[in-house]
Amino acid sequence: MSTTSREIVIVGGGIIGSCTAYYLSQLAATRGVKATITLLEGSGIAAGASGKAGGLLAEDWHGASTSSLASLSYRLHSDLASSLSGPSRWGYRNLDTLSVSADLSPSQARARKSSVDARFDWLNKDALRETSQLGTKETTSQVHPRLFTEAMVEEAKKAGVKVVAATATGLKRTEAGGFTVLTEDQSFPATEVVVTAGPWTGRVLKQLGLKGGRASGIGGSRAHSVVLKTAEGRDLPAQALFTSIKEGRGMSEPEIYNRPDGTAYACGPTDSSPLPSLASEVKVDEQAITSIISQAGGLSPEYLAVNDGPHSATVVAKQACYLPVGSGDPVIGELEKGIYVGAGHSCWGITNGPGTGHCLAELILDGKVSSANIGRLGP
Ligand SMILES: Cc1cc2nc3c(=O)[nH]c(=O)nc-3n(C[C@H](O)[C@H](O)[C@H](O)COP(=O)(O)OP(=O)(O)OC[C@H]3O[C@@H](n4cnc5c(N)ncnc54)[C@H](O)[C@@H]3O)c2cc1C
């Protein structure tokens, strides 16, 4: 048992901060390290993309720099689901991931693709053009991202992590080489600070007076999504679709992920709306929502169309959030002695959340990462 007490403050309670808090609490216990771990979240746990993402997990779709992180993460997702009742708590399951192209133009309506197999019975077969398998139940899975993130926080709290509803606004350095993280009306002494503020990371580092290297450039791109509930008795297959939909002269590429609770999540493209100060201030553009609902309904009129008919789907969420984007790869590592960052996961933060949290916990507690090769992801 180490006698030195660590005071670790994590800034940002999305999936990355929440998984970091969880693995810090677990690894500190197994290593006999005495640690006070505090998670600061300014807008509510999973208030940003971690609560509004699709939740597709892909094991082997990643480039050389993130492939090791992704395989660690995919395995950790599976382990967490087995040990903490993931299927019932956060909708974890394996699923097929398919590519589907369709033409919804009125003049094309009867030009049916000759051989469409039964997996696509829930779609508008007259409109389908090409289909292919992108991932199988062995290589793709899903979670409900908000429920998963909340479960990580719940488990971290059981292990002693303190969760504080507050926005970090400043950082002071102590003479002993430590830090004090400041919020509007509180201060938190820290031997280590971890910035996991998603698309706000670049801003937060600047506000705390920290040099962030690659992480300084992390910002956000807004994307909209909807969650549709099918009518009673209309069960959706365990599929995630990457689509390409032609309608007249327009093209769209919504992604549609069926969930085990009888809902389908559908998201649209990113736009250039500027990042607001807080996750709770993100605005929703009704026009973007209407387009996604119409595309999903056109592709699956029997299951996902919202209309006056007896089998109409119901819209259960209309939302927007910001993809955390920087220079390409996520940034995971130590910025300076005692200051760490885990951010910029772009469209793979739900997949790579557990691995990132695990690697950061190893780095902070052991001084090195041993469970994955993240050598190319440093700041
Ligand atoms: C439409 C969409 C669909 C997606 N689908 C998938 C998918 O299917 N699979 C996948 O793997 N990934 C997906 N992603 C990507 C994934 O959602 C993100 O990479 C991930 O959620 C990022 O997590 P994060 O914790 O870094 O950031 P966030 O979830 O944005 O969390 C950051 C948190 O920090 C808080 N914060 C900011 N500043 C402060 C401060 N000063 N003090 C305290 N708290 C602060 C914010 O309030 C926020 O809660 C999707 C993203 C989008 C936009």
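Identify the residue in segment 203-226 that is more than 8 Å from the ligand (Cβ to nearest atom) and free of Cβ contacts under 8 Å to residues at least 40 places away in the same chain and, among all such residues, is surrounded by the fewest Cβ atoms within 10 Å (Cβ to Cβ).
Gly209
To keep it simple, each residue is scored yes or no on (1) outside the structural domain of Ser252 (by TED's automatic domain parsing); (2) in contact (Cβ under 8 Å) with a residue 12 or more places away in the chain.
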position: Val284; (1), (2): no, yes
position: Gln295; (1), (2): no, yes
position: Ser300; (1), (2): no, yes
position: Asn307; (1), (2): no, no
position: Gly338; (1), (2): yes, yes
position: Asn352; (1), (2): yes, yes
position: Gly357; (1), (2): yes, yes
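Of all residues being near the ligand (Cβ under 7 Å from one of its atoms) and under 22 Å from Asp60 (Cα atoms) in segment 321-330, which is most open to solvent (accessible area, probe 1.4 Å)? Just the residue, please.
By that ranking, first place goes to Leu323.
Which is open to solvent by less than 50 Å² (accessible area, probe 1.4 Å) and at pLDDT 95 or above, of Val163, Val153?
Val153
Residues being closer than 12 Å to Gly55 by Cα and crowded, with 22+ Cβ neighbours inside 10 Å: count how many of those fall in segment 249-258.
Count: 3.
Of all residues being part of a loop (DSSP other than H, G, I, E, B) and near the ligand (Cβ under 8 Å from one of its atoms) in segment 331-366, which is surrounded by the most Cβ atoms within 10 Å (Cβ to Cβ)? Just the residue, please.
Among residues in segment 331-366 that are part of a loop (DSSP other than H, G, I, E, B) and near the ligand (Cβ under 8 Å from one of its atoms), the one surrounded by the most Cβ atoms within 10 Å (Cβ to Cβ) is His345.
Does Lys318 qualify as being more than 20 Å from the chain's Cα centre (by Cα), of a type in the set (Lys, Arg), away from the ligand (no atom under 12 Å from the Cβ) and under 30 Å from Thr20 (Cα atoms)?
So Lys318 does not fit the description; no.
Taking the condition among the polar types (S, T, N, Q) and at pLDDT 95 or above, does Ser371 pass?
Spelling it out, Ser371 is indeed among the polar types (S, T, N, Q) and at pLDDT 95 or above.
Name the pairs whose Cβ atoms lie under 8 Å apart, with the first residue in segment 17-39 and over 15 Å from Leu76 (Cβ atoms), the second of a type in the set (Phe, Trp, Tyr) and within 16 Å of the ligand (Cβ to nearest atom), and 6 or more positions between them or separate chains?
If the second residue must be of a type in the set (Phe, Trp, Tyr) and within 16 Å of the ligand (Cβ to nearest atom), the pairs left are Thr38/Phe188.
What's the number of the only condition in (1) open to solvent by less than 20 Å² (accessible area, probe 1.4 Å); (2) under 22 Å from Pro274 (Cβ atoms) that Ser300 fails to meet?
Here Ser300 meets the rest and fails (2).
Condition check ((1) within 15 Å of the ligand (Cβ to nearest atom); (2) part of a strand (DSSP E or B); (3) at positive phi) across all residues:
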{"site": "Val9", "(1), (2), (3)": "yes, yes, no"}
{"site": "Gly17", "(1), (2), (3)": "yes, no, no"}
{"site": "Thr20", "(1), (2), (3)": "yes, no, no"}
{"site": "Gly54", "(1), (2), (3)": "yes, no, no"}
{"site": "Gly63", "(1), (2), (3)": "yes, no, no"}
{"site": "Leu69", "(1), (2), (3)": "yes, no, no"}
{"site": "Asp79", "(1), (2), (3)": "no, no, no"}
{"site": "Arg89", "(1), (2), (3)": "no, no, no"}
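Take the residues of segment 22-52 that are hydrophobic (A, V, I, L, M, F, W, C) and closer than 16 Å to Phe188 by Cα: which is farthest from the ligand (Cβ to nearest atom)?
Per the criteria, the residue is Ala35.
Of the residues that sit in segment 187-202 and are among the hydrophobic types (A, V, I, L, M, F, W, C) and near the ligand (Cβ under 10 Å from one of its atoms), which one is surrounded by the most Cβ atoms within 10 Å (Cβ to Cβ)?
Among residues in segment 187-202 that are among the hydrophobic types (A, V, I, L, M, F, W, C) and near the ligand (Cβ under 10 Å from one of its atoms), the one surrounded by the most Cβ atoms within 10 Å (Cβ to Cβ) is Ala197.
The values are calculated or read from the model by the stated rules, or taken from the named source; none is laboratory data. All of these numbers come straight from a predicted model, not from anything done at the bench. Counting neighbours? That spans all protein chains shown, and the Cβs are built from the backbone with ideal geometry, glycine included. All accessible areas refer to the heavy atoms of the entire protein, side chains included, with ligands and DNA or RNA removed. Shrake-Rupley method; radii C 1.70, N 1.55, O 1.52, S 1.80 Å.
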